[in-house]
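The values are calculated or read from the model by the stated rules, or taken from the named source; none is laboratory data. This is a predicted model, so every value here is computed, not measured. Virtual Cβ from ideal backbone geometry, glycine too; neighbours counted across all protein chains shown. With ligands, DNA and RNA removed, areas are computed over all heavy atoms of the protein, side chains included. Shrake-Rupley method; radii C 1.70, N 1.55, O 1.52, S 1.80 Å.
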Amino acid sequence: MKKVLYIGWIGYENLGDELMYDLFKEHFAVLGEGYSLDFVNVEMRYLQNISPSDYDLLVLGGGSILNGPNATISPYVIDFLYNAVMLNKKVMMWGSGIDWLPKSSISLLENPQGHFPFNIPDLTREKFRTVFSQSIWAGVRGPLSKEVFDRIDPSNGIEISGDPAFLLNPEKKRKPEQKIIGVNWGTSFNNVYGQDEEGVEDQLATALQSLIAQGYKVHLYIVWQKDLEASIRLYHKINDSDNVTMPTLYDQNELMARMQDFQYTINFKLHANYLSLAAQVPFIALGYRFKIYDFIKSIDAESLLVDMDSTTIAEDLLQAHELIVSNKDILMTKIETQRNLYAKRLLEPFAAKLYLH
């Protein structure tokens, strides 16, 4: 029996993180009875109770689980994987990514000559190199995350795999019968670019009021229970109960089915955009943290991004609206090409039976 441990941000009922683990389980199940799967939350208090010696393979799963608000690379995560490698255990990174970096870091990473101020101890850097030089497979969420890793170790062998959510099976698209815009709003407890969630919320309400005046209806949805309060607040700011629904928390399948009724979506949270793509519905992504830019650049769709630190958010949203309305088919065809590419890469480890045979 081959024993596999999946490491992710699990247990907090956040749709995106649970979704990525569900997708891993779905493809893992095809491997058959000779494989068993456990999971652990990536936080130190959980990892410290796990012994890598109990497993044949340790999988760093999807999500922003290699770093946090105070560390470009989390030393304790690297320590855990390094200890596994020292025990001759196999290690794999499956669509993980970086987040929490300041907005200024994006331009520095895009400039080959830009100096990036890493906050990484030398020992952690050396352990990082050891872990990923010996990984059996390593795929990272997007090009910005890859650039961070490349600057730590240019010979790391990490490729851009895309986010595991690219494995969502696309819905068969039906033509919406009404002019409805799906809107995902919530909170990151003001840990956003611009640090003004309330101001963004006001601008979003203004843009939606303008679109309602053009004949659109608004369907509010959330992907995390903790987003409910903020989304209800947005509902009241729009102040139009005839044309706006009260926010609802759906599971992934319910949400993708509901999205079929939308002309497009506007999304705060990252994985709401992936669900929109799986429903074959265009989206506008709100650029609230580094991971959104990583995603957008992975599919070359900067025109569908609205910066949360913009001073003209309402106008930016209306401009993106016009772009989608006039170029919907072209935009979706381009993105679908990228989605197919990443889906194939994410399935490579399963085709190789997780390199455990």
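Rounded to a whole number, what is D in µm²/s for the range 1-135 from Stokes-Einstein with the Kirkwood radius over alpha-carbon pairs (4 °C, 1.567 mPa s)? This corresponds to a translational diffusion coefficient of 81 µm²/s.
Percent of Cα pairs in the chain per distance bin of 10 Å, from zero to the largest separation: 5, 25, 33, 23, 11, 3, 0. Solvent-free Debye calculation, one equal scatterer per alpha-carbon of the range 123-197: log10 I(q)/I(0) at 0.11, 0.26, 0.28 Å⁻¹ equals -0.56, -1.13, -1.21.
Here the convex hull built on the C-alpha positions of the range 292-357 has a volume of 84 cubic angstrom per residue. The Rg/Rh ratio of the range 85-223, with both radii computed over alpha carbons and Rh defined as the Kirkwood radius, is 1.10.
Counted by Cβ distance under 13 Å from Val4, the other residues give a net charge of +3, where Lys and Arg count +1 and Asp and Glu count -1.
Calculated from DSSP H runs of 4 or more alone, at -39500 (n - 2.57) each and per residue, what is the 222 nm mean residue ellipticity of the chain, nearest 500? The per-residue figure over the chain is -13500 deg cm²/dmol. Of the whole protein surface, Val30 contributes about 120 Å² of accessible area at a 1.4 Å probe radius. Take every Cα pair under 8 Å whose residues are at least 6 apart in sequence, average their separation, divide by the length of the chain, and the relative contact order is 17 percent. With the convex hull drawn over the C-alpha atoms of the range 249-314, the volume per residue is 94 Å³. A 1.4 Å probe run over the range 54-130, with the rest of the protein chains in place, finds 42 Å² accessible per residue. The largest-to-smallest principal axis extents of the Cα set in the range 65-131 are 39, 23, 22 Å. With Rh defined as the Kirkwood radius, the inverse of the mean 1/r over Cα pairs, the Rg/Rh of the range 216-263 is 0.97.
Scoring 182-194, 331-343, 123-135 by mean Cβ neighbours within 10 Å over their residues and listing the highest first yields 182-194, 123-135, 331-343.
The phi torsions of the range 250-255, fed into the Karplus equation with coefficients 6.51, -1.76 and 1.60 and a -60° offset, translate into couplings of 10, 7, 4, 6, 4, 5 Hz, rounded to whole numbers, with Gly and Pro shown as x.
The P(r) of the range 198-357 has a tail past 24 Å containing 36 percent of all C-alpha pairs.
Of interest is the spacing of the C-alpha centroids, which for the range 301-357 and the range 179-226 amounts to 19 Å. First check a/c for the range 109-157, with a ≥ b ≥ c the square roots of the eigenvalues of its C-alpha gyration tensor; if it is under 1.5, answer rounded, and if not, answer prolate when a/b is larger than b/c or oblate otherwise. Because a/c hits 1.5 or more and a/b fails to exceed b/c, the range 109-157 counts as oblate. Distance from the alpha carbon centroid of the range 233-268 to that of the range 91-116 works out to 32 angstrom. Near Ala257, once Lys and Arg are set to +1 and Asp and Glu to -1 for all other residues with Cβ below 14 Å from its Cβ, the sum equals 0.
Rounded, prolate or oblate: which fits the range 149-292 when a ≥ b ≥ c are the square roots of the eigenvalues of the alpha-carbon gyration tensor, with rounded for a/c under 1.5 and prolate only if a/b beats b/c? It is oblate, given that a/c is not under 1.5 and a/b is not larger than b/c.
Dimensions of the range 1-42 based on its C-alpha atoms, expressed as ranges along the principal axes with the largest first, amount to 30, 17, 9 Å.
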